Each structure stands twice: as structure tokens, then as C-alpha cells.
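**Student:** Attaching a single structure in C-alpha cells format; questions to follow.
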Amino acid sequence: MDFFLQLAVILACLLYGARKGGIALGLLGGIGLMILVFGFHLQPGKPPVDVMLVIIAVVAASATLQASGGLDVMLQIAERMLRRNPRYVSIIAPFVTCILTILCGTGHVVYTILPIIYDVAIKNNIRPERPMAASSIGAQMGIIASPVSVAVVSLVAMLSSYTFNGRHLEFLDLLSITIPSTLCGILAIGIFSWFRGKDLDKDPEFQKFISVPENHRYVYGDAATLLDRVLPRSNWIAMWIFLATIALVAVLGAFSDLRPSFGGKPLSMVLVIQMCMLMAGALIVIITRTNPASISKNEVFRSGMIAIVAVYGVAWMAETMFGAHLAQIEATLGVLVKEYPWAYALILLLVSKFVNSQAAALAALVPVALAIGVNPAYIVASAPACYGYYILPTYPSDLAAIQFDRSGTTRIGRFVINHSFILPGLIGVSVSCVFGWILAAAFGFL
């Protein structure tokens with residue numbers, strides 16, 4: 001009985017925290033902890049300190065990139081790609097947003113490119129819902145494929161001490177599975193989006209709307225563009241410093257001999273990532289003379305700090321509750337997951353919806369799964385399932401896509417669940433998980 005009462009406390013904190021949004025999710029973990037420790041007398045679990053330190057380093061570097069203008073260079077290049085191939089915007093756009101996320105480590109870069117995607121679509125008589133919804137989903141799917149995302153570095157940190165068929169999971173091993181599986185999912189989304197919905201000239205609702213001259217001007221208004229901006233040389237330097245650091249992390253992850261050894265073991269990639277990211281931020285500040293005061297004022301830094309607090313509160317609360325009932329959980333869920341490995345992916349998907357964060361979902365569920373004996377290879381293969389917050393259209397990038405689509409084709413349905421993002425999300429994540437399992441088996445992890 002105590003187990004279900006404690007579970008109800010956790011779910012209440014997660015649901016209310018997700019409803020309030022922002023940093024509230026992590027703060028609500030404090031209420032849950034107080035109830036669990038002082039009310040139910042559970043021994044506090046260990047807060048995820050290593051994971052949080054990695055997040056801080058990555059967020060600091062990414063925020064420095066934005067403050068220096070390096071992110072503007074990436075967005076300008078992305079716009080050139082979209083405007084050169086307007087007919088294929090429904091397929092190209094989700095790849096563009098996904099790759100931007102992979103490079104920057106955060107899906108929040110999508111906000112700047114969404115108005116451009118809309119402009120390309122509407123000016124070429126393409127239903128904006130097709131690329132807009134796909135782009136929002138693609139941006140979030142790219143998180144689990146990014147070497148500098150909170151979710152990936154958290155997962156690497158949590159799996160660093162486990163072996164897969166006698167060998168440790170290296171940083172590049174994880175990316176060799178998540179990157180191609182994610183891109184396969186993005187391709188599936190693009191193909192689906194190419195055919196979804198009515199063409200604008202055959203959509204009576206849209207035609208009725210634009211028949212009003214004022215609405216026509218609103219829908220086809222001024223073009224959004226970054227192409228007319230001349231970016232200074234320092235912006236380009238900042239971008240190349242950041243990309244070079246990502247390449248360095250990948251090389252050090254692939255070749256452990258390049259890392260110094262201590263006690264007969266190569267330096268942990270968790271520490272390597274922290275060092276490299278801090279170094280990248282420092283080099284950008286020094287070489288491009290970026291004002292350090294501006295770093296903490298941008299969107300990347302803000303969203304990253306919220307992620308830290310979310311991981312802190314949610315993971316600590318979950319560790320405290322589930323750690324006290326490991327034997328009971330193993331006797332129930334352990335047997336289920338071992339017999340039906342796909343059940344782990346489904347549970348992860350639902351947890352992600354509860355917490356509205358891929359990193360927080362992984363931080364809450366992966367330690368529990370490992371403790372009850374879930375094969376770590378299943379966790380790696382099912383990694384794309386950590387993105388489930390598209391199920392309800394409440395995430396900022398989805399709401400932004402709806403707002404930027406002045407045609408009204410990207411929308412929330414009458415029954416809420418029938419919105420523009422549900423099908424691209426289900427298709428993309430499902431396909432990514434299938435290819436994740438195929439690749440994990442091909443690489444010998446399963």
C-alpha cells in the first residue's frame with residue numbers, strides 16, 4: 001500500500017510540475033522528497049551530480065555559441081538550403097532542424113528557423129502544416145542524436161560503468177546507434193509529410209479564409225529571412241570553434257588510447273566532455289571577444305538551466321522512491337521487461353510525456369531499469385523513445401509552430417489529441433526505435 005501512495009506522490013509532483021512548466025518541474029521534486037523522507041521515512045537516494053555537471057558544461061558552451069553569434073551562422077546556412085529546394089521543403093525542413101539540434105544540443109534553435117520554413121512553404125503553395133509539424137518533431141528528435149545534448153551525456157554517464165557482451169559502451173558507440181536511427185525516423189516523417197493533408201488550392205476551409213483580403217495579406221505577408229544579414233567574421237570563428245570541439249569529443253570517444261589513463265583505465269568520457277565544453281566556451285569568449293555577461297541572458301542558457309533543475313529534482317525524487325522498493329519492482333516490472341523488452345520503450349515514452357523532458361525521463365527511468373536487471377543494450381536500442389512529449393501539443397516548439405503558421409493548417413484538433421504533431425511524432429519515434437534495435441543487434445550489443 002505504501003508503494004502506491006508514494007507512487008501517487010511522485011505522479012502528482014510530475015503532473016503538477018509539468019502543468020506549471022519551466023523550472024517548476026524540478027522544484028516540485030523537493031516537495032516529493034520531503035514527503036517521501038519525512039512522511040514515509042525513506043532513505044534519500046543519491047542526486048545525479050555527475051549528470052548535472054556534464055549538463056552545466058554543455059549548456060555553458062552552447063549558450064556561449066549563441067551569445068557569440070555562431071548560431072546565427074548555422075541558421076543562415078540552413079535557410080540557404082531551404083530556399084534553394086523549396087519544392088522539397090516538407091522533407092528537407094525536418095532534416096535541417098534535426099541537424100541544427102544535433103550540432104547545438106538543444107531543440108530550442110527551431111524557433112528562429114520556423115518562420116523561414118513557413119515562408120518557403122506558403123510562397124510555393126505548399127501546405128505549411130507539412131513542413132512545420134515535421135520540423136518541430138525533427139528538432140526534438142535530434143536531441144538523442146546530439147553529442148552535446150543533455151539527454152545523450154546523461155545517458156552516457158549512467159551507462160559508463162556497465163558492460164555490453166563483455167565490453168564497455170563508448171561515447172561513439174551510442175551515437176553510432178542513435179544518429180542513424182534518428183535520421184531514419186526523420187526520413188519517415190518527411191515522406192509522410194509530403195502527402196499529408198489537402199493541397200492548399202483544394203482545401204475549401206483555407207480558400208474561404210484567404211478570400212477575405214485582410215486574411216490573404218496576413219497569410220502571405222512579408223518574407224522572414226536571415227539572408228540579408230552580413231555576419232561578422234567573429235561569428236564564423238565561434239561556429240568553427242564549437243564544431244571543432246564536437247569533432248574532438250568524437251575522436252577522443254572513438255580512440256580511447258588518445259585519452260590519458262589512470263589506474264589502468266582511460267579517462268572517462270563524462271569528464272572529457274566536461275573539459276572540452278568548458279574549453280570551447282572559453283576559447284569563443286577569448287578569441288571572439290564575446291561579452292560574458294550576455295551568455296547567461298539567452299534562450300539556450302535559460303532552457304539549459306531549467307533542464308538541470310528538472311533533472312536534479314525529478315531524478316533525486318525517483319531514485320529515493322524506487323530505490324526503496326527495488327525488490328518489489330524487480331518482481332513485477334523486471335519480469336515483464338525481460339520477457340517483453342519493448343515494454344521498456346513504452347514506459348520511457350510515457351514517462352517522457354509526464355516530465356516533458358528527454359533528459360529528465362532518462363534520469364528518472366534508466367537507473368531503475370538498470371537496478372532491476374534490464375539489459376543495458378535494450379536501453380541503448382530504445383533511446384529514441386525518450387521523446388514522448390509530442391503526445392499532447394503542450395511543448396513550446398509545437399506551440400511556436402502553430403503560432404508561426406499564419407495559414408492555420410498547423411493546429412490543435414477539436415479533441416486535443418488529434419493535433420498536427422501526433423502522427424509525425426509516432427511515426428518518427430517508432431521508426432527510430434526499430435532501427436535502433438536493428439543497429440544495436442548489428443553492432444553486437446544485443
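**Student:** Using a Gaussian network for the chain with springs between C-alpha atoms less than 10 Å apart, which of these wobbles most: Leu14, Leu346, Leu258?
**Tutor:** Highest fluctuation of the listed residues: Leu258.
**Student:** Excluding ligands, DNA and RNA, what is the solvent-accessible area per residue of the range 46-445 at a probe of 1.4 Å, expressed in Å²?
**Tutor:** Details: 16320 Å² over 400 residues.
Value for the range 46-445: 41 Å² per residue.
**Student:** Taking 0.36 nm per residue of sequence separation and subtracting the Cα-Cα distance, how much length would be gained by fully extending the chain between Glu299 and Leu350, in nm to one decimal?
**Tutor:** On the way: separation 51, 0.36 × 51 = 18.36 nm, distance 2.68 nm.
Roughly 15.7 nm would be gained on extension.
**Student:** Indicate the gyration tensor shape class of the range 46-445 (rounded, prolate or oblate), computed on the Cα atoms with a ≥ b ≥ c the square roots of the eigenvalues: a/c under 1.5 is rounded; otherwise a/b larger than b/c is prolate and the rest oblate. Please list the in-between numbers first.
**Tutor:** Values: a/c = 2.03, a/b = 1.33, b/c = 1.53.
Oblate, since a/c reaches 1.5 and b/c is not below a/b.
**Student:** Quickly work out the Asp257-to-Trp194 label distance, labels modelled 7 Å from Cα along the C-beta direction, and quote it in nm with one decimal.
**Tutor:** Placing both labels 7 Å along Cα→Cβ, they lie 4.4 nm apart.
**Student:** For the range 343-446, just say rounded, prolate or oblate: build the C-alpha gyration tensor, square-root its eigenvalues into a ≥ b ≥ c, call rounded for a/c under 1.5, and beyond that prolate if a/b exceeds b/c, oblate if not.
**Tutor:** Details: a/c = 3.08, a/b = 1.99, b/c = 1.55.
Taking the square roots of the gyration eigenvalues as a ≥ b ≥ c, the range 343-446 is prolate.
**Student:** Between Asn418 and Gln43, what is the label-point separation in nm under the 7 Å Cα-to-beta-carbon projection?
**Tutor:** Modelled inter-label distance: 5.3 nm.
**Student:** Suppose the chain between Thr163 and Tyr218 were pulled fully straight at 0.36 nm per residue; how much longer would it get relative to their current alpha carbon spacing? If you can, show how the numbers build up before the last one.
**Tutor:** Working: separation 55, 0.36 × 55 = 19.80 nm, distance 5.71 nm.
Answer, rounded to one decimal: 14.1 nm.
**Student:** Are there any trypsin sites (Lys or Arg not before Pro) in the range 203-282 that are in a DSSP loop and have at most 14 other Cβ atoms within 10 Å? List them by number.
**Tutor:** Values: sites: Lys208, Arg217, Arg229, Arg233; in loops: Arg229.
Sparse-neighbourhood loop trypsin sites (Lys or Arg not before Pro): Arg229.
**Student:** Let me cross-check His216: its accessible surface, 1.4 Å probe, with only protein heavy atoms counted, in Å² to the nearest 10?
**Tutor:** 80
**Student:** Using the Cα gyration tensor of the range 262-404, with a ≥ b ≥ c the square roots of its eigenvalues, what is the shape: rounded (a/c below 1.5), prolate (a/b larger than b/c) or oblate (neither)? List each step's numbers first, then the result.
**Tutor:** Details: a/c = 2.43, a/b = 1.43, b/c = 1.70.
Verdict is oblate for the range 262-404.
**Student:** Kindly provide the GluC sites (Glu not before Pro) of the range 155-237 that DSSP labels as loop, not H, G, I, E or B, and whose Cβ sees at most 12 other Cβ atoms within 10 Å. It would help to have the intermediate numbers written out before the result.
**Tutor:** Details: sites: Glu170, Glu205, Glu214; in loops: Glu170.
Those that pass, being in a loop and sparsely packed, number zero.
**Student:** Cα axis of helix 49-68 to longest principal axis of the chain: angle in degrees, 0 to 90, nearest 10?
**Tutor:** 20
**Student:** What does the charge add up to near Ala63, with Lys and Arg as +1, Asp and Glu as -1, over the other residues with Cβ less than 11 Å from its Cβ? Please list the in-between numbers first.
**Tutor:** On the way: positive: Lys297, Arg302; negative: Glu299.
Result for the neighbourhood of Ala63: +1.
**Student:** Using θ = phi - 60° and the Karplus curve 6.51 cos²θ - 1.76 cosθ + 1.60, what whole-Hz ³J(HN,Hα) does each residue of the range 268-275 get, with Gly and Pro shown as x?
**Tutor:** The phi angles translate into 4, 5, 4, 6, 4, 4, 4, 4 Hz.
**Student:** Of all chymotrypsin sites (Phe, Trp or Tyr not before Pro) in the range 187-258, which ones are in loop regions per DSSP and have a Cβ with at most 14 other Cβ atoms within 10 Å? Could the numbers behind the result be given before it?
**Tutor:** On the way: sites: Phe192, Trp194, Phe195, Phe206, Phe209, Tyr218, Tyr220, Trp236, Trp240, Phe242, Phe255; in loops: Tyr220, Phe255.
Loop-located and lightly packed - Tyr220, Phe255.
**Student:** With r as the distance between the Cβ atoms of Phe443 and Lys265 and R0 = 22 Å, compute the FRET efficiency 1/(1 + (r/R0)^6) and round to 0.05. Kindly include the intermediate steps, with their values, before the conclusion.
**Tutor:** Details: r = 22 Å, r/R0 = 1.01.
Calculated transfer efficiency: 0.50.
**Student:** On a 23 Å Cα-Cα criterion, which of the cross-link pairs Lys123/Lys208; Lys297/Lys353; Lys123/Lys297 come out too long? Let's see the in-between values first.
**Tutor:** Working: Lys123/Lys208 18 Å; Lys297/Lys353 28 Å; Lys123/Lys297 34 Å.
Too far apart for the 23 Å limit: Lys297/Lys353; Lys123/Lys297.
The values are calculated or read from the model by the stated rules, or taken from the named source; none is laboratory data. Model, not experiment: these values are computed from the prediction. All Cβ positions, even for glycine, are placed from backbone atoms using ideal geometry, and neighbour counts span all protein chains on display. Surface areas here come from the heavy atoms of the whole protein model, side chains and all, with no ligands, DNA or RNA. Shrake-Rupley method; radii C 1.70, N 1.55, O 1.52, S 1.80 Å.
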